[in-house]
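Input: a single structure, listed below in structure tokens.
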Amino acid sequence: MNPTDPTDGPRANVGISVNGERREVPRGLTLDGLVTALTTARAGVAAAVNETVVPRGQWPATTLGDGDRVEVLTAVQGG
């Protein structure tokens, strides 16, 4: 175990809620990384962290932390 590497060790993951489902994700994961892992859609996607909508331009700089509640919404077209 490397004490200077925050991703090395028993707490390399954090627990978050994604659309109401509990998940363990790597410490340091960004909102952009999470959305990319969840959907291939790049248009019509919105995301909120702890009930606050995060503009798409801020996704790469938004690091998810233990206990965060994330909602990812994808627009569906239809009639």
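The distance between label points at Ala41 and Val53 comes to 1.5 nm (points 7 Å beyond Cα on the Cα→Cβ vector).
Pairs of Cα atoms nearer than 8 Å and 6+ residues apart set the relative contact order; for region 13-74 it is 48 percent.
Distance distribution note for region 13-74: the fraction of Cα pairs above 16 angstrom is 34%. Shown is the FRET efficiency for Arg27 and Thr74, computed with R0 = 35 Å from the Cβ-Cβ distance and rounded to the nearest 0.05: 0.85. Each residue of region 28-43 was assigned a 3J(HN,Hα) from its phi angle through the Karplus expression (A = 6.51, B = -1.76, C = 1.60, θ = phi - 60°), giving x, 4, 8, 4, 4, x, 5, 4, 4, 6, 8, 8, 8, 5, 10, 10 Hz with x at Gly and Pro.
Read the figures in this text as sums done on the coordinates, not as results from a lab. If you're wondering where the values come from, they're calculated on a predicted model, not measured in any experiment. Positions of Cβ are generated from backbone atoms using ideal geometry, with glycine treated the same way; all protein chains shown enter the neighbour counts.
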